[in-house]
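Colleague: Sharing a structure below in structure tokens format, with a few things to ask.
A short reminder: the numbers here are calculations on the coordinates, not readings from a lab. Computed from a predicted model, the values in this text were never measured in an experiment. Because the Cβ atoms are built from the backbone with ideal geometry, glycine has one as well, and the counts that use them run over all protein chains shown.
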Amino acid sequence: MEEPIVQYKNIRKSFGDVEVLKGINLDIMPGEKVALIGPSGSGKTTIIRLLMTLEQPTGGIIEVNGENLWLMQNKKNELVEADDKHLRKIRGDIGMVFQHFNLFPHMTILENCMLAPTIVKKKDKADVKKTALEMLDKVGLSDKVDLYPSQLSGGQKQRVAMARALMMRPKVMLFDEVTSALDPELVGEVLEVIRDLAKAGDMAMILVTHEMDFALDIADRVLFLNEGTIEEEGHPTEILVNPKSERLKDFLTRFTNSR
Amino acid sequence: MTWSWDVFINVIPIIFKGLWITVGLTIACYLFAMIFGFFWVFMSRIPWRPVNWLFRWIAEFIRSTPPLVQLFFIYYAWPAIPVIGVTLNPFVAAILGLGIHFSTYTSEVYRSGIESVDKGQWEASTALNLSTAQKWRHIILPQAIPPTIPMLGNYLIIMFKEVPLASTIGVVAMLHLANDYGAQYYKYVEPLTVVALFFLLLSYPSALLIGRLEKKYNRRFDKKTATL
């Protein structure tokens, strides 16, 4: 049987006195597409930020490929807090796309895509450039490569951000409400790219999203988060069409009404 | 007292010799302050409270005491301290004294530049697995420093105007030469006027230049931060 690529084991996270995650258990299989839905403040974004090492859990274990993310063994075989070297090794398998794009404004689109493979993976510059151009072509931006981020629309920026993350060939890609900051008419072009990625297959994807139809369409599994716990999970149709818990029903009604 | 154009003309070449010392000293102090400013930034970012508090406190102390007192301390008091005492030549003492004093200002400028960089830039560089050094070099500093250039330029002018303090510990620059001339011939108005004119001649165009830089960078920065 195949091993999960990511495992959350009883993960807790507090910010000050507020506990936003109250014991999350979650396995992600290689290539699996998981959508996280839930009201704001339910902890969906925190779940993926923990995996990207942007936040540190207050309790529990996260494993990537069976390896503990936040703890490592020192020379005396004791478990100690992970150092930067350990984090960087594991983080290499994970990529992330942000709500607010976070492109590097002082670099062109092409340079944004080339930076990490050249300086982190120390790959040959000419090869990286070739791959970057292919990648930007795939997201439909081959005519924008020499522009700066400030010269692009939101949808175009987000497609660059995806190309940039894909350049590092992650095994797990995290999407943090990637369409929330976009004008409505630009959402489609970004979802289209994600859909293509999902179809291409081998990369696991965790999507925090408010696009229910989209989740229904591409996810293998949908998780409904509420107040820091996974309230309900299952196949998209099961969750979105036949919700069981009252809270999920509530959430979905409110959601359809607000549209 | 009478104004004499003859004295005025005579004194110009004498003061002019000191101009280069003043300019040289300004540049030396400034470079020192620019580089040493990073030292304070670095120290105040050490994630160990006692250390960064200590250095913040020292920087605050230096910033809030007059540079003249610091110059006197370095030149007159330091040599008298047992073991660590060193006698410095006036030029070196001036570079050290004014350089350290102004480095506490440049460090504040750097800090504001660094803090103006969006948090998302740090996060994106983490997500792309950059090392700490790579984040600073490729992402943070290239965005933090350009918008501070006008502010750093202003400090260059301010420093230029503070450099005559060095004459108090015997650096023979414009002011010192003017004073000597005055003492010798009992003529102070003309030489000091020449000193003032030289200062004006250098600092006014620099101020204009910096004003233009400021406009340019503000525009650029606005455009960039509008949306990342």
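Colleague: Please compute the modelled spin-label separation between B:Ala183 and A:Ser150, points set 7 Å along Cα→Cβ, answer in nm with one decimal.
Modeller: Taking the two extended label points, one gets 5.5 nm.
Colleague: Give a quick list of trypsin sites (Lys or Arg not before Pro) in segment A:119-187 that DSSP marks as loop, anything other than H, G, I, E or B, with at most 14 other Cβ atoms within 10 Å.
Modeller: Passing both the DSSP loop test and the Cβ count: A:Lys121, A:Lys122.
Colleague: Quick check: Cα centre of segment A:158-234 to Cα centre of segment B:1-67, how many Å?
Modeller: Taking the Cα centre of each part, segment A:158-234 and segment B:1-67 sit 54 Å apart.
Colleague: Computed FRET efficiency, Cβ-Cβ of A:Lys123 and A:Ser40, R0 41 Å: what is it to the nearest 0.05? Intermediate results must be reported in sequence, preceding the final value.
Modeller: On the way: r = 39 Å, r/R0 = 0.96.
Efficiency, rounded to the nearest 0.05: 0.55.
Colleague: Taking neighbour counts of Cβ atoms within 10 Å as a proxy for exposure, in what order, fewest first, do B:Phe198, A:Phe15, B:Phe38 appear?
Modeller: Fewest-to-most ranking of B:Phe198, A:Phe15, B:Phe38: A:Phe15, B:Phe38, B:Phe198.
Colleague: List the relative contact order of chain B as a percent without decimals, with contacts defined as Cα pairs under 8 Å and 6+ residues apart.
Modeller: Over chain B, the number comes to 29 percent.
Colleague: For peptide B:5-17, compute the average count of partner chain beta-carbon atoms within 10 Å of each residue's beta-carbon.
Modeller: Taking all residues of B:5-17 together, the mean is 0.
Colleague: Then there is this: When ranked by the protection proxy of mean other Cβ atoms within 10 Å per residue, highest first, what sequence do the peptides B:77-88, A:89-100 form?
Modeller: Highest-to-lowest ranking by the protection proxy: A:89-100, B:77-88.
Colleague: Compute the FRET efficiency between A:Thr229 and B:Trp122 as 1/(1 + (r/R0)^6), taking r as their Cβ-Cβ distance and R0 = 22 Å, and round to the nearest 0.05.
Modeller: Values: r = 30 Å, r/R0 = 1.35.
Efficiency, rounded to the nearest 0.05: 0.15.
Colleague: If a/c stays under 1.5 just call it rounded; otherwise compare a/b with b/c (prolate if a/b is bigger, oblate if not). Do that for segment A:28-92, with a ≥ b ≥ c from the square roots of the Cα gyration tensor eigenvalues.
Modeller: prolate
Colleague: Still on this structure: Taking Cα pairs under 8 Å and at least six residues apart, what relative contact order does chain A come out at, in percent?
Modeller: Relative contact order, chain A: 25 percent.
Colleague: Within segment A:212-230, find all residues whose amide N lies under 19 Å from a label point positioned 7 Å from the Cα of A:Thr237 along Cα-to-beta-carbon.
Modeller: Once the point is set 7 Å along Cα→Cβ of A:Thr237, A:212-224 turn out to lie under 19 Å by backbone N, inside segment A:212-230.
Colleague: Provide a whole-number value for the mean count of partner chain Cβ atoms within 10 Å of the Cβ atoms in peptide A:141-150. Before the final figure, lay out the partial values.
Modeller: Numbers: counts 0, 0, 0, 0, 0, 0, 0, 2, 3, 8.
Partner Cβ neighbours, averaged per residue: 1.
Colleague: Moving on. Shielding of B:116-127 by partners, i.e. mean partner chain Cβ atoms within 10 Å per residue?
Modeller: The mean count of partner-chain Cβ atoms within 10 Å per residue comes to 6.
Colleague: Rounded, prolate or oblate: which fits segment A:1-112, taking a ≥ b ≥ c as square roots of the Cα gyration tensor eigenvalues, rounded meaning a/c under 1.5, else prolate when a/b beats b/c?
Modeller: Cα axes put segment A:1-112 in the rounded bin.
Colleague: Let me know the shape class of segment A:6-258, please: from the alpha-carbon gyration tensor, a ≥ b ≥ c as square roots of the eigenvalues, rounded when a/c is under 1.5, otherwise prolate if a/b is greater than b/c, or oblate.
Modeller: Here segment A:6-258 falls in the oblate category.
Colleague: Any of A:Lys157/B:Lys216; A:Lys157/B:Lys119; A:Lys89/A:Lys171 with alpha carbons more than 22 Å apart? Name them for me.
Modeller: In this structure, A:Lys157/B:Lys216 lie more than 22 Å apart at Cα.
Colleague: Given the DSSP H assignment, sum -39500 (n - 2.57) over each helix run of at least 4 residues in the protein assembly as shown and divide by its residue total; what's the result at 222 nm in deg cm²/dmol, nearest 500?
Modeller: Working: 18 runs with 261 residues, N = 487.
So the helix-based figure for the protein assembly as shown works out to -17500 deg cm²/dmol.
Colleague: Right, something else. On a straight-distance basis, which aspartates and glutamates could pair with A:Lys122 in a cross-link, Cα separation under 20 angstrom, same-chain partners fewer than 8 positions away excluded?
Modeller: A:Asp84, A:Asp93, A:Glu111, A:Glu134
Colleague: Now, a different point. Write down Rg/Rh for segment B:16-114, rounded to two decimals, with Rg from the C-alpha atoms and Rh from the Kirkwood relation over Cα pairs.
Modeller: That ratio is 1.02, to two decimals.
Colleague: Under 20 Å from a label point 7 Å along Cα→Cβ of A:Glu2: give me every residue in segment A:85-111 with its amide N that close.
Modeller: Correct set: A:93-95.
Colleague: Give me the extension gain from B:Ile81 to B:Ala196: residue separation times 0.36 nm, minus the current Cα-Cα distance, reported in nm with one decimal.
Modeller: Contour length minus the Cα-Cα distance gives 37.7 nm.
Colleague: Within 10 Å, at most 13 other Cβ atoms, and a DSSP state outside H, G, I, E, B define an exposed site. Report the longest part of chain A free of exposed GluC sites (Glu not before Pro).
Modeller: With GluC sites (Glu not before Pro) excluded where exposed in loops, chain A gives A:79-259 as its longest stretch.
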